[in-house]
Amino acid sequence: MSIPDGSRPLELVEVPPGPAAIEALWSPLDAALAHDAAIAPIPRESASLPAPLVRAVRDAVRPEEPVPHDTAVVISTSGSTGHPRGVMLGAHALTATTAQVHARVDGDPIWVLALPPTSIGGLNVMIRAHDTGIRPIAVRSIGGAEPFTDDAFATAVREATATGRPIAVSLVPSQVTRLLATAVGQETLRQCSLTLVGGGPVDPQLTSRCRDAGITLTTTYGMTETSGGCVFDGRPLDGVEVRIDDADSRVCISGPMLAQGYRDGDDRAFDGHWLRTNDRGSWIEGLVRIDGRLDDIVSLHGVNVDLAAVQERVDQHPGIEASLIVVTVGESSDAETTDGPRIAMVYVGDPLDHEELRAWISPTLGAIACPTVLRQVDTLTRTLTGKVDRHATAASAGLRIAPSRKEGTA
């Protein structure tokens, strides 16, 4: 292959599930951070990672095409849309916040890897461990090797404790919820000096339950395009700027950790040195609050309904264990509903009828916000990083998510 001037080839690194992932990625990552190579870590096909998913990730990073000479890593987004995009990141961007993270613990920490390193959350653990010169200790479940359990997490933390160093870990909210459900999980979390939680909205009730159990969480906000979390507990890290657009409350982010762009060349989300996200936010008492996504607002009969608010209210129902709120087109459970877009709820929990749900939601959000399409399922489909896979979950319930009207955003 002919490499254009100012470019370099991209090395595909196949990362197996389980602790072997660390060995597979450690040396290639070392070369990438030293500006000696450009790598694209992708998951190896396995029982939990079918060929179509792995192929989508591979296609997103475009390994056959060269990258700019200052690109260190190309990694696919791991969001909930089911359509990953390859993101180009330089070594400086990837390491821009490492020192600030490590300053939150007393001494160089030992990192526990609980997220797949083919996602930005897991890759950041590898990068921060690289900064300490000590390889992380992997939870045996990473990459879908087996289900994430309190026992698997406790085993990794016990090994980390033996080093005598403070323990740091990055988790997603669903993992914290699982650990809180058992005494072993709670005790193990208490042993961690730094517990970063991101990759999706963190329910305030979750942080409250952790405080009651003597567990301190650090909530993070960021995305692959910002080299992971860059806002901690609502405060932008040093060098990070956050702007809330007056017109639509869009969150825009700037700083040294920004990506170079997308592999597909569609960089409309990048406006100069700013990333225009698809999130809505606000400043509350000097802290950034994420209020939902721009495409969470749906107009029903001339009334704007905030799906994030509906999701929050639904998740407070004592009979609902987990849920997904989406806009769909399809059969309605409510005979009063006419044709057009509808709010659908896919949920795990006790059987619910429409009237019971209406009584729960109407007093605070109005009857218009009540889901009219209800689908009870055994489990919500999740991505490898623990996020709810919106399209896969909806499809498993026989629903099709209505297309978003927002374009050119992260």
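The values are calculated or read from the model by the stated rules, or taken from the named source; none is laboratory data. Source: prediction; values computed, not measured. No Cβ is skipped: glycine too gets one built from the backbone with ideal geometry, and neighbour counts run over all protein chains shown.
State which residue pairs qualify: first residue assigned by TED's automatic domain parsing to the domain that holds Leu113 and inside the stretch 18-35, second residue at pLDDT below 95 and among the aliphatic types (A, V, I, L, M) in any location, beta carbons under 7 Å apart, and separation of 6 or more residues or different chains.
Within 7 Å, the pairs are Gly18/Ile142; Gly18/Ala145; Ala21/Ile142.
Out of the residues in the stretch 338-352 that are surrounded by fewer than 16 Cβ atoms within 10 Å (Cβ to Cβ) and modelled with pLDDT under 90, which is nearest to the chain's Cα centre (by Cα)?
Per the stated criteria, the residue is Pro341.
Checking Ala21 against (1) part of a strand (DSSP E or B); (2) under 30 Å from Thr188 (Cα atoms): exactly one of these is not met. Which one?
Going through (1) part of a strand (DSSP E or B); (2) under 30 Å from Thr188 (Cα atoms) one by one, Ala21 breaks only (1).
Just need a number here: residues in the stretch 358-377 that are in a helix (DSSP H, G or I), under 30 Å from the mean Cα position of the chain (by Cα) and surrounded by 13 or more Cβ atoms within 10 Å (Cβ to Cβ).
The number of residues fulfilling the criteria is 5.
Would you mind finding the one in Ile134, Ile120 that is without any contact (Cβ under 8 Å) to a residue 60 or more places away in the chain, among the β-branched types (Val, Ile, Thr) and farther than 18 Å from Ala31 by Cβ?
Going through Ile134, Ile120 in turn, just one is without any contact (Cβ under 8 Å) to a residue 60 or more places away in the chain, among the β-branched types (Val, Ile, Thr) and farther than 18 Å from Ala31 by Cβ: Ile134.
If you scan the stretch 380-410, which residues turn out to be closer than 27 Å to Leu123 by Cβ, modelled with pLDDT of 90 or more and in a loop (DSSP other than H, G, I, E, B)?
Result: Leu380, single match.
In the stretch 242-262, which residues are in a loop (DSSP other than H, G, I, E, B) and of a type in the set (A, V, I, L, M, F, W, C)?
Ala247, Met257, Leu258, Ala259
Tell me which residues, restricted to the stretch 80-109, are surrounded by fewer than 24 Cβ atoms within 10 Å (Cβ to Cβ) and farther than 29 Å from Asn278 by Cβ.
Ala99, His102, Ala103, Val105, Asp106, Gly107, Asp108
Looking at Gly239, Gly292, Gly265, Gly281 in this structure, which one is surrounded by 18 or more Cβ atoms within 10 Å (Cβ to Cβ), on the phi > 0 side of the Ramachandran plot and either in a helix (DSSP H, G or I) or not basic (Lys, Arg) (or both)?
Gly292
Just checking, how many residues over the stretch 197-215 are assigned to a loop (DSSP other than H, G, I, E, B) and modelled with pLDDT of 95 or more?
So the answer is 3.
Return the only residue of Ala60, Ala37 being within 16 Å of Ala259 (Cα to Cα) and either assigned to a loop (DSSP other than H, G, I, E, B) or in contact with a Gly (Cβ under 9 Å, 6 or more places away or on another chain) (or both).
Ala60
If we scan the stretch 202-209, do we find a residue that is closer than 24 Å to Asp306 by Cβ, of a type in the set (A, V, I, L, M, F, W, C) and surrounded by fewer than 21 Cβ atoms within 10 Å (Cβ to Cβ)?
Yes, there is a match, as at least one residue in the stretch 202-209 is closer than 24 Å to Asp306 by Cβ, of a type in the set (A, V, I, L, M, F, W, C) and surrounded by fewer than 21 Cβ atoms within 10 Å (Cβ to Cβ).
Within the stretch 345-357, can you find the residues that are assigned to a helix (DSSP H, G or I) and within 23 Å of Ser396 (Cβ to Cβ)?
Residues satisfying the conditions are His354, Leu357.
Looking at (1) within 17 Å of Gly121 (Cα to Cα); (2) over 24 Å from the mean Cα position of the chain (by Cα), which is the one condition that is false for Val57?
Condition not satisfied by Val57: (2).
Among (1) modelled with pLDDT under 90; (2) loosely packed, with under 14 Cβ neighbours inside 10 Å, which single condition is Val329 missing?
Only one criterion in (1) modelled with pLDDT under 90; (2) loosely packed, with under 14 Cβ neighbours inside 10 Å is unmet by Val329, namely (2).
Give the stretch 139-166 a look and list any residue that's at pLDDT below 95, surrounded by fewer than 20 Cβ atoms within 10 Å (Cβ to Cβ) and in a helix (DSSP H, G or I), or say none.
Gly144
Kindly list the number of the only condition in (1) surrounded by fewer than 17 Cβ atoms within 10 Å (Cβ to Cβ); (2) outside any helix (DSSP H, G or I) that fails for Trp26.
Of the numbered conditions (1) surrounded by fewer than 17 Cβ atoms within 10 Å (Cβ to Cβ); (2) outside any helix (DSSP H, G or I), the odd one out for Trp26 is (2).
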